[in-house]
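Colleague: Please see the structure below; I have some questions.
All of the numbers you see were taken from the coordinates with simple rules; none came from a lab. Everything numeric here is computed off the predicted structure, so don't read it as measured data. Ideal geometry is used to build each Cβ from the backbone, glycine not excepted, and the neighbour counts take in all protein chains shown.
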Amino acid sequence: MPVSTSYRPAPRIGELDGGFHDVVEAARFPEHRLRFRNQRWAERIGLGELDAAEWERHFAAFVPLPENLPRPLALRYHGHQFRTFNPQIGDGRGFLYAQLLDEEGRLLDLATKGSGRTPWSRDGDGRLTLKGGVREVLATEMLEALGVPTSKTFSLFETGEQLWRGDEPSPTRSSVLVRLGHSHVRFGSFQRQLALGDQVRIRKLLDYAIRHYAPDLAVGAGEDPASAFLRVVTRRSAGLCAAWMTAGFVHGVLNTDNMNVTGESFDYGPYRFLPVYDPAFTAAYFDHGGLYAYERQPTSVHWNLQRFADTLVEQSSVDALSRALDGFLPEFLLAWREGVLRRLGLTPLGDERDADFLSLTRAFLVESRVGYDRFFFDWHGGAASAARAATSPEADKYQGPTFVPLRSAMDAYAPSAPERLARPYFQRPAPCSLLIDEIEALWDAIAERDDWSLFAAKVADIRTMGEQTGLAALG
């Protein structure tokens, strides 16, 4: 393969011994039909020059990348699933394929989903449905465009197998996906070692995580490396959760094995985006009690951080870890109100008025049931968009009593980039969104007619939104 100067292999996982992973083999698939290639990220990590055959060889047949991992590794972890501890989980249908450094010297992982059975597959077939792959592409593209820290879907191949699933029409088409992310060290990676009573490996994993994911870690007064690292992970997780809330994103399965130490979304199952602001909105059909409902996400993330802290007690102290966790709520609230203002294209004031603005916004959205994406579209730029909002299909909802104080509060805020309002995105009649009905419609076109045009158009539209609103997160 052509090796770009920006391709920087870094198989650092070798610093950890076999107690953290298992060597596995990739499945062989009857077909390799490329359905998605993330060229912009390929170029950023030195893989943009791969031709079609080389891309297939590395991301469907999983021939090792030069100077990288010689064989794939299924990572070992445990976790709380719906708050019940499960010691039987791990990488059951994926593996770590390669590690690289980005242009800032940060460690990146290329990992898979649907690449075959591993020692952790249990009764699963190790495969991924094509619909699941399509949904993950859409989730990562939308979250990236909205400024949420997320893994990037790097590649998606249809693989030609017929899969049977109990929760969707079967047989159904299959796929294998490659995702790019900053880490697959999960909270559950530490939980496994705690369950085994292995403090030596907890320390080894902690040192590895600090070295690669918090190299500038500052240990403050009354802290130790473990509690200082927990403080960093707490801040990152609070920021991630606030970004979900701002995006109107409902994760669906906020288990401890689905959270990592870099504060980045990286696995997408039964997610949803809010049609309207509904605190009790759930994404997973099996979440009967609403444990992971939209407004319960902050509580769930904090609970997961507590379980992560449990694994570090012998490396620190309960008091030091508790102080680190105390930062979650203020960090979350600050990031949420800043996120709402950023999505509205407004410059924060930096005082208590920002908190009041968030409260007024939430109250209006709950009461009015205006379309969630529509509100941010209509009022991007704040008062500068008043005339444009008056032509919205939701304009009548901007006349009610709960909107009056919010509209008054907008006058205190300056648009962060008023020139954006002249861009084509804000001249269109409706915002870009990713509601479940839209996903189902584009999937129906694929399933019934093998028509990928709606999918391609949606990805392009999402990227346009991210670029023209200035929200896109490219880090």
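Colleague: So, how do all the Cα-to-Cα distances of the stretch 336-469 break down into 5 Å bins, in percent, from 0 on up?
Modeller: Per 5 Å bin, starting at 0, the Cα pair percentages come out as 2, 10, 18, 20, 18, 14, 8, 5, 3, 1, 0.
Colleague: How big is the convex hull of the Cα atoms of the stretch 188-335, per residue, in Å³?
Modeller: Normalising the Cα hull of the stretch 188-335 by residue number yields 112 Å³.
Colleague: List, largest first, the extents of the alpha carbons of the stretch 12-187 along their principal axes, each in whole Å.
Modeller: Sorted largest first, the three principal extents are 41, 35, 35 Å.
Colleague: What is the local net charge at ARG323, summed over the other residues whose Cβ is closer than 12 Å to its Cβ (Lys, Arg +1; Asp, Glu -1)?
Modeller: Around ARG323, the charge tally is -3.
Colleague: Over the stretch 188-335, what is the relative contact order in whole percent, taking alpha-carbon pairs under 8 Å and six or more residues apart?
Modeller: Answer for the stretch 188-335 is 31 percent.
Colleague: On to the next question. For LYS458, LYS204, what ranking results if the residue with the fewest other Cβ atoms within 10 Å of its Cβ goes first?
Modeller: Lowest count first: LYS204, LYS458.
Colleague: With respect to the cross-link table entries LYS397/LYS458; LYS131/LYS458; LYS113/LYS204, which display a Cα-Cα separation exceeding 25 Å?
Modeller: LYS397/LYS458; LYS113/LYS204
Colleague: Using +1 at the Cβ of each Lys and Arg and -1 at the Cβ of each Asp and Glu in the stretch 12-187, identify which of HIS32, ASN68, GLY90 lies farthest towards the dipole's positive end.
Modeller: Projecting each Cα onto the dipole axis, the largest value belongs to GLY90.
Colleague: What number do you get for the stretch 213-283 when its Cα radius of gyration is normalised by 2.2 N^0.38 Å, N = residues?
Modeller: Scaled against compact globular proteins, the figure is 1.34.
Colleague: Compactness ratio of the chain: Cα Rg over 2.2 N^0.38 Å, N = residue count?
Modeller: 0.98
Colleague: Report relative contact order for the chain in percent, whole number only (criteria: Cα-Cα under 8 Å, sequence separation at least 6).
Modeller: 14 percent
Colleague: Another question, then. Using the Karplus curve 6.51 cos²θ - 1.76 cosθ + 1.60 with θ = phi - 60°, what ³J(HN,Hα) values do you get for each residue of the stretch 147-156, in whole Hz, with x for Gly and Pro?
Modeller: Per residue, the Karplus-derived 3J(HN,Hα) values read x, 8, x, 8, 4, 10, 6, 8, 7, 9 Hz.
Colleague: A follow-up question, please. Could you let me know the centre-to-centre spacing of the stretch 405-459 and the stretch 101-149, using Cα atoms, in angstrom?
Modeller: That distance is 24 Å.
Colleague: Here is a further query. Before anything else, pin down the relative contact order of the stretch 240-322: Cα pairs under 8 Å, at least 6 apart, normalised by residue count, whole percent.
Modeller: 29 percent
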